[in-house]
1. Accessible area of the range 80-151 with a 1.4 Å probe: how many percent of it is carbon plus sulfur?
2. Treating the angle as unsigned and between 0 and 90°, give the value, to the nearest 10°, between the Cα long axis of helix 151-161 and the longest Cα principal axis of the chain.
3. Among ASN64, LEU244, LEU278, whose Cα sits farthest toward the positive end of the charge dipole of the chain (+1 at Cβ of Lys/Arg, -1 at Cβ of Asp/Glu, about the Cα centre)?
4. If packing is taken as the average count of other Cβ atoms within 10 Å, what order do 130-137, 220-227 fall into, highest mean first?
5. What 222 nm value per residue comes from the helices of the chain, counting each DSSP H run with n ≥ 4 as -39,500 (n - 2.57) and dividing by all residues, nearest 500 deg cm²/dmol?
6. Stretched out fully, how many nm does the piece from LYS295 to MET144 gain, at 0.36 nm a residue minus the Cα gap?
7. Which whole-Hz couplings ³J(HN,Hα) result when phi for each residue of the range 214-230 is put into the Karplus expression 6.51 cos²θ - 1.76 cosθ + 1.60, θ = phi - 60°, listed in order with x for Gly and Pro?
8. Over the chain, what relative contact order in percent results from Cα pairs under 8 Å that are six or more residues apart?
Amino acid sequence: MENKGKDFNSKPKQTASGHPDSKLILGLVGSPRKLGNCEVFVKEIARSIPGDNRLKLIRVPSLNIETCLACYGCVMDQPCPQKDDMGPLLHEIAKADAIIIAAPVYFLGSHSMFKRILDRGFLFYTVLEKTFGKPCILVNFYGMKNRIGVSPHTLMSFASFLGLAIKARINVRAALPGEVLTDPRKKETAKKIASMLFTEKKPTKSHGCPYCGCEIVRMEETRFSCTLCHSIFSIDDKGKKIKLKDGGIFGNPQHMLLHKAWLRGMKENFLKKRKEILQVSLPYKEDGEWVELQKLRS
């Protein structure tokens, strides 16, 4: 029998901004510099996104992100004891329709605040259902030629473990504050990747991992393993990459949440063996002398 009810698939999608054709873009600016390259390039990309969109910005280095206490409370579905900006940050990411992330390269790595957030990554599970598949753009800014280091890996980890769909990721050479806008070619690059943000087309894989595109891999005797998705591949004598084994880390939210279930099991296992572990570790309690750096400052 023919279904004459409403066709919900043809209904315009309501976006976070409240209007079907308008999108809420969240820019995560990974530099403390005001009007620096990260900030102005995020804004240039946002200007180039088709439609009447709204841009919200968060200066990541200004956030108060406390260190993880390794209590596993979040894994056990208990509230995190750290009362800081982690919850509000994840809330803003979950509300947005798309994310633009830009960070400078400091000593061959992204700004340390991104790693600080990743250290609290178990909390990503609380918003994964809302962030999964949300499109994002990743931009790394560096100064010295070819000195990019592991920065792309950090931003890819941040996006991937939130389940974001990486539509474009680029490395831009620009060190002087705001100089990226003085090069017309880089402004054209901003327009190009802006047009990719809401496209259904999947980005082409790079010369890195054939599974996730990460360019940082471990070299083994006859194969390579990806440092992000932990997949394994090899390269034949013609330079073609041969997929050998999917790392099994990323997938739909239900699959990614299996990691949380494994962590919960580890916590429960520790509670069972706690007395036995303490008997082994307690004899080491008084060994050594702790250096109190705060006293040395005075």
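The values are calculated or read from the model by the stated rules, or taken from the named source; none is laboratory data. What you see is a predicted model, and the numbers here were worked out from it, not measured in a lab. Don't worry about glycine lacking a Cβ; one is built from the backbone with ideal geometry, like all the others, and counts go over all protein chains shown. All accessible areas refer to the heavy atoms of the entire protein, side chains included, with ligands and DNA or RNA removed. Shrake-Rupley method; radii C 1.70, N 1.55, O 1.52, S 1.80 Å.
1. Values: 1820 of 3160 Å².
The C+S portion of the solvent-accessible surface of the range 80-151 is 58 percent.
2. Taking Cα atoms only, the helix is inclined about 90 degrees.
3. Ranked along the dipole, the leading option is LEU244.
4. Numbers: 130-137: 19.9, 220-227: 14.1.
The most tightly packed comes first, giving 130-137, 220-227.
5. Working: 9 runs with 90 residues, N = 298.
Counting only the DSSP helices, I get -9000 deg cm²/dmol.
6. Numbers: separation 151, 0.36 × 151 = 54.36 nm, distance 3.84 nm.
Contour length minus the Cα-Cα distance gives 50.5 nm.
7. 4, 8, 9, 10, 9, 8, 10, 4, 10, 7, 10, 10, 6, 7, 9, 8, 6
8. Values: 460 pairs, mean separation 44.9, N = 298.
15 percent.
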